[in-house]
Structures are given as C-alpha cells and as structure tokens.
Amino acid sequence: ERAFRVTASAVGRGTGLYVLVFKDQSEARRIDRMRADFIANASHELRTPLASISGFVETLRGPARDDAAARDHFLQIMQNQTVRMARLIDDLLSLSRLEMRPTLKPGVRIDLRGLVQNVIDSLAPLAAETGVSIERDFPDMTLEVYGDRDELFQVFENLLENACKYGQSGGRVAISIAGPLSSPEGETTVTIRDFGPGIAEEHIPRLTERFYRVDAGASRAQKGTGLGLAIVKHILARHNARLSIRSTLGEGAAFTVHFPPA
Ligand code: ADP
C-alpha cells in the first residue's frame, strides 16, 4: 500500500496555477509500524519474567510461606528471571546506542586472532557447561581489521554463544579465520560452524530481525533475548562488514563475518 502527502502552493498571485507536491509517506509509515511492533515486542518480553516474579512473590507470601524447600526453589526461579530481564535491558540499550550512532568513530587496528582467542577464552565456561569442544583453524600470519574492539568482541561472543547453545548436540564448534588471499574478493573472514540441528532455509533471512527466534519452544529453552543477531548485524554495518549464514537442516549452521579489503 502506498501513501502520499500532497501540498499545493500557488505559483503566483492571480495566475490560477498551482504546484502540487506529492511526498511518498510509505517509508515513513513502514518505519512507524516497525517502531510500534518493536515497542510491543519489547514490552511483552519484559512483562513475561515480571509476571512470573510477581506470581512467585504472591505464592511465597501465601501458600508457600512456611515451606522452606519450596521457598528456595521459587527464589531460584525469581533470581533467574531477574537475570533474564537484566540481559534483555542490556541488549535493548546496546541496540538503541547503536541506532543512535549509526556510523563509527575512526577505528583502531585490531589483531583478529587475538580478539577471537579472547572470545573463546571468555566462553570456555559455557562450552564446558554445554559439553562443546571448540576447535580453531587460524592462519599463521597476523590479520588486522579496523574498528571498535568492544563491538567486534560482542559480535564474535554472540555468534560463538549461539553455536554452543543451539549446536550443543553436535558436541563441537569450529572457528576459522581466513585472510584476504583466500577469497576472490580479498575479504578477511571469520566462520563459526556448529554441527547441531541447523536452521531451515525459510528462517535464515529473518534471523537478524529483532526478537526473531526459530521455533519459539526450543529457542526459549535456551537463555536468550532474540536480539543477539540484530545487534551483530548493526555492529557489522558500522564496520562495512557483513554476516552470511549457511545451514543444512540436521547438519549444523555456519555464520561467517566478512571484512572488506582494507
Ligand atoms: P537468541 O537470544 O534467541 O539466541 P539471536 O538473535 O542470537 O537470539 O538468534 C536468533 C535465533 O536464531 C535463535 O533464537 C535461534 O532460533 C536461531 N539461531 C541462532 N544461532 C543458531 C545456531 N547456531 N543454530 C541454530 N539456530 C540458531
């Protein structure tokens, strides 16, 4: 559906001639609608843990008042829900900060191997918890990209965390870095591959949408906000980089970050 705003202005006094300006409003309306959807989704996602906490508070003040075992169990659930809410708020703040500053300040030179290794180290506890072993395939030479270190850390952290969470049945995750000589476009790439259930083709283009989660049931069993890949996409755009996703159902998924030639 297309929408136009029309304004008329007289060309000159008494000429009887007018100029009509048609301004296409479709894009503005689409953005308004997206914003409204986003607020509705965010509110819903925040309300869910809050409703759960509120329910348990009521139970603890009433029927479970004198039941020590139930009390501990419910307090644990409430604590998990507050962690979930805090995560959601952090992700929402990250997204809004990124959207407010769509371009990046001049970046610094970053050693890609060192950065990716730091991410692997920081996720070692999650890998151990999910029983995933992380395999590396790094080139012998130093590869550098320009950008914001914290933001790129967040990109690889999100991708590796997803690979460990969703691909845990595969038992391993492979991270490879390839230099500009490995691709015809001269791109430097980082690929994070898992061997879990994979993602059906129709979902792939939508994964970077805010709050989009495949199979709400299975995804919801995993801690997550549905904002991780949206944040990844924004950060990469600021770096003139991009994400590509390949997957075969039942065989796993591969997420590749492509950095253009310097
Ligand atoms: P979440 O917080 O839910 O992990 P993301 O934006 O990081 O949010 O991911 C969006 C959805 O993409 C996930 O909920 C999951 O359904 C799907 N997904 C992401 N990574 C993988 C993967 N490695 N294997 C299978 N599905 C994945």
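Tabulated values for the structure
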| read-out | value |
| --- | --- |
| Sulfur and carbon atoms: percent of accessible area, segment 166-262 [1.4 Å] | 53 |
| Lys, Arg +1 and Asp, Glu -1 on Cβ, resulting dipole of the chain about Cα centre, debye, nearest 20 | 1120 |
| Estimated [θ] at 222 nm from DSSP helical runs (n ≥ 4, -39500 (n - 2.57)) normalised by residues in the chain, nearest 500 | -15500 deg cm²/dmol |
| Nonlocal Lys pairs with alpha-carbon distance under 27 Å, the chain (8 or more apart, or different chains) | 4 |
| Whole-number D in µm² s⁻¹ for the chain, Kirkwood Cα-pair radius fed into Stokes-Einstein, 25 °C, 0.890 mPa s | 114 |
| DSSP bridge orientation in segment 72-190 - percent antiparallel, rounded to nearest 5 | 55 |
| Low-density loop cleavage sites - trypsin sites (Lys or Arg not before Pro) in segment 62-156, where at most 13 other Cβ are within 10 Å (DSSP) | ARG65 |
| Positive dipole terminus of the chain, leading residue within GLN81, MET100, ALA68 (C-beta point charges) | MET100 |
| Efficiency of FRET between GLN76 and SER183 - r from beta-carbon atoms, R0 30 angstrom, step 0.05 | 0.05 |
| Point-charge dipole on Cβ atoms (K/R +1, D/E -1) for segment 22-146, about Cα centre, debye to 20 | 640 |
| Where labels lie 7 Å past Cα in the beta-carbon direction, separation of ILE245 and SER54 in nm | 3.3 |
| Portion, in percent, of the accessible area of segment 1-97 that falls on carbon or sulfur, probe 1.4 Å | 56 |
| Potential lengthening between ASP66 and VAL11 on full extension [0.36 nm per residue; Cα-Cα distance subtracted] | 11.5 nm |
| Accessible surface, 1.4 Å probe, highest first, among residues ASP215, ASP66 | ASP66, ASP215 |
| Whole-number accessible area per residue in Å² for the chain, which is evaluated in the context of all protein chains at 1.4 Å | 60 |
| Whole-angstrom gap from segment 34-49 to segment 93-116, using each part's C-alpha centre | 26 |
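The values are calculated or read from the model by the stated rules, or taken from the named source; none is laboratory data. Computed from a predicted structure; not experimentally measured. No Cβ is skipped: glycine too gets one built from the backbone with ideal geometry, and neighbour counts run over all protein chains shown. Side chains are part of the model used for accessible areas, which takes the heavy atoms of the whole protein and leaves out ligands, DNA and RNA. Shrake-Rupley method; radii C 1.70, N 1.55, O 1.52, S 1.80 Å.
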